[in-house]
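Below is one structure, written out as structure tokens; comments come after it.
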Amino acid sequence: MQLINRLDDLRMAVSNMKGRGKLALVPTMGALHAGHLKLVEEARARVDHVAVSIFVNPKQFGEGEDLDAYPRTLEADRAKLEAAGADLLWVPTVDEIYADGFATTVSVAGPSEGLCGAARPGHFDGVALVVAKLFNQVQPDIALFGQKDYQQLAVIRRMVRDLDFPVEIVGVPTVRDADGLALSSRNAYLSVEARAAAVALPDALKSAAEAIRDGEDPGHALDAARRRMLDAGFVSIDYLEMRDGDNLQPLKSFKSGARLFVAARIENTRLIDNHPVDGK
Ligand code: PAF
């Protein structure tokens, strides 16, 4: 696996690989876990070459968020990617991505609104901007993103359609621990007690989805899920909503393709998850 830090080296390596088959990109912020490695595995099953980027993108962190504390584990990440069979690791510096005088913004209105977009103003603009740059730099044929960040996936799909990026976006199902908690780099912040209590989040989401599918009023089902999480030790719930899984429009009543979305805080850590209501 080649480790590359400079854009001109990247361009050379990419043109070499693209001359010999199709290229996938797995964009990440590092602190890699089995969820990221699943994206690499899916990429390998689909195309000839797999590039992974690691860049902790300052523009997607708000005031008071965990930019400085965000785990940076390059050596361990590199070993995991090597073992997973990635071909290229792109690790740009902040200057390489945001050169002096950088002035461009990318904003994807519809799917960025509400949910995490409400609690984290500017977050999806930062994501869209860096992903647009990574697409232009790496020029992948396909790019893979986890469904755990479902709203992010919807924002990127919309941007790719709107701006005609010649890349196929692949959403990969969430990888979970044995008890059902979605893997996340932020799980590392949890104390042993909070980690044990956190399972209430996927449990509550799953039960609410089942209840709604069985005909219960969505408002009641979501209230019950909220209470279950708070009783388990979550300190607050940023949102718990049912939305259309395609366009992310809020839904008051159940329809096929509906999906539940949650963000909740336990100790100082904000966890997110989502679940299809009817298995779609
Ligand atoms: O999901 C992430 O890790 C990040 O939001 C991404 C897509 C790599 C953009 O920085």
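The values are calculated or read from the model by the stated rules, or taken from the named source; none is laboratory data. For clarity, every value in this text was computed on a predicted model and none was experimentally measured. Cβ sites come from the backbone with ideal geometry, for glycine too, and all protein chains shown count toward neighbours. Ligands, DNA and RNA are excluded from the accessible area calculation, which covers all protein heavy atoms including side chains. Shrake-Rupley method; radii C 1.70, N 1.55, O 1.52, S 1.80 Å.
Only helical DSSP H runs with n ≥ 4 go in: add -39500 (n - 2.57) per run for the chain, normalise by residue count and round the 222 nm mean residue ellipticity to 500 deg cm²/dmol. Mind showing how you got there, number by number?
On the way: 11 runs with 113 residues, N = 280.
Helix-only estimate at 222 nm: -12000 deg cm²/dmol.
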Once you compute Rg and the Kirkwood Rh from C-alpha atoms, what is the Rg to Rh ratio for the stretch 134-280?
1.01
Leaving ligands, DNA and RNA out of it, report the carbon-plus-sulfur percent of the accessible area of the stretch 200-280 at a 1.4 Å probe.
46
What ranking of 177, 68 comes out by heavy-atom accessible area, probe 1.4 Å, highest first?
68, 177
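Dipole of the stretch 56-184, Cα-centred, from +1 at each Lys and Arg C-beta and -1 at each Asp and Glu C-beta, to the nearest 20 debye?
Once rounded to the nearest 20, the dipole reads 320 debye.
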Which whole-Hz ³J(HN,Hα) couplings does the stretch 156-161 yield from phi under the Karplus relation 6.51 cos²θ - 1.76 cosθ + 1.60, θ = phi - 60°, glycine and proline marked x?
5, 4, 5, 4, 5, 5
On a 0 to 90 degree scale, rounded to 10, what angle separates helix 7-18 from the longest Cα axis of the chain?
90
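Using DSSP to define loop residues, name the trypsin sites (Lys or Arg not before Pro) in the stretch 1-68 whose beta-carbon has at most 11 other beta-carbon atoms within 10 Å.
Values: sites: 6, 11, 18, 20, 22, 38, 44, 46, 59; in loops: 6, 20, 22.
Answer in residue order: 20.
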What figure in square angstrom, to the nearest 10, would you give for the accessible area of residue 207 with a 1.4 Å probe?
50
What list of whole percents do you get for P(r) of the stretch 72-111, with Cα-Cα distances grouped in 5 Å bins up to the one holding the largest distance?
5, 16, 17, 13, 13, 15, 16, 5
Can you list which of the chymotrypsin sites (Phe, Trp or Tyr not before Pro) found in the stretch 93-150 are DSSP loop residues with at most 16 other C-beta atoms within 10 Å?
102
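Based on alpha-carbon positions alone, could you give the equivalent ellipsoid semi-axes of the chain from the gyration tensor, as √(5λ), descending, whole Å?
Details: eigenvalues 215, 80, 68 Å².
In descending order, the three semi-axes are 33, 20, 18 Å.
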Please sort by residue number the GluC sites (Glu not before Pro) in the stretch 1-67 whose DSSP state is loop and whose Cβ has at most 16 other Cβ atoms within 10 Å.
63, 65
With θ taken as phi - 60° and the coefficients 6.51, -1.76 and 1.60, list the Karplus ³J(HN,Hα) couplings across the stretch 114-122 in order, rounded to whole Hz; mark glycine and proline as x.
x, 6, 5, x, 6, 6, 10, x, x
Placing each pseudo-label 7 Å from Cα in the direction of the beta carbon, residue 118 and residue 214 end up separated by a distance in nanometres of 2.8
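Using the heavy atoms of the protein chains and a 1.4 angstrom probe, tell me the accessible area per residue for the stretch 137-220 in square angstrom. Working shown, then result.
Details: 3720 Å² over 84 residues.
Dividing the accessible area of the stretch 137-220 by its residue count gives 44 Å².
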